[in-house]
Amino acid sequence: MTVSSQAMAPATTSAPGPLPGTAPSAPPPATSLFDRLAPRLHRYGLGMLRAALGGVFVWFGVLKVVGLSPAAELVVAVLPFPAGDWFVPALGWGEVALGLWLVSGRGRAAALPVLAAHLCGTFAVLVLTPQIAFAHSNPLLLTLVGEFVVKNVVLLAGAVVVTTHPRHRVAAEGRAR
């Protein structure tokens, strides 16, 4: 049995008009500049975050490699074993590799545990040398070193975001169904 196209109502894609006897609806409110820019910024934000995190790792790593890192003494002081002259530059090369890994966006499932281990390792300062991380033995009063270490919570959160986001929005929507 076939149905004639004349018997079926045509499909409409526009919203229905106002009901008879009612006033037309008000025009949509004007959107702010932020509301217009936010979707565009969000679209590029993940890539910007990945590049920024990767850049920080590369930058801090290179400083360790060339012997100009202000954190080198801190790294050696917190280690539970004697470190040779090779240790800080090797750590620097590891950070450079982690930064490039982040920027590439490849191997995200493997990158996350490596990044998390590295960043959590920096929290050893808070446990092993609290006298240089906290003023007056008060965990709420951070020293400059303490602030330097605690900011790694933000780096860790950023690493989680950039390594766990779905590759494509379409793929993510398909998995959600």
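The values are calculated or read from the model by the stated rules, or taken from the named source; none is laboratory data. Keep in mind the model is a prediction, meaning the values are calculated, not measured. Only protein heavy atoms, including side chains, enter the accessible area calculation; ligands, DNA and RNA are left aside. Shrake-Rupley method; radii C 1.70, N 1.55, O 1.52, S 1.80 Å.
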Rounded to the nearest whole number, the per residue volume of the convex hull around the C-alpha atoms of region 73-177 in Å³ is 125
Under the 0.36 nm per residue contour assumption, what length would be gained going from the current alpha-carbon distance of Ala135 and Ala52 to full extension? 26.8 nm
Compute the Kirkwood hydrodynamic radius of region 26-128, taking the inverse of the mean of 1/r over all pairs of distinct Cα atoms, and give it in Å to one decimal. 16.0
Averaged per residue, what accessible surface does region 78-177 expose to a 1.4 Å probe, in Å²? 63
With N residues in region 117-156, what two-decimal value do you get for its Cα radius of gyration over 2.2 N^0.38 Å? 1.07
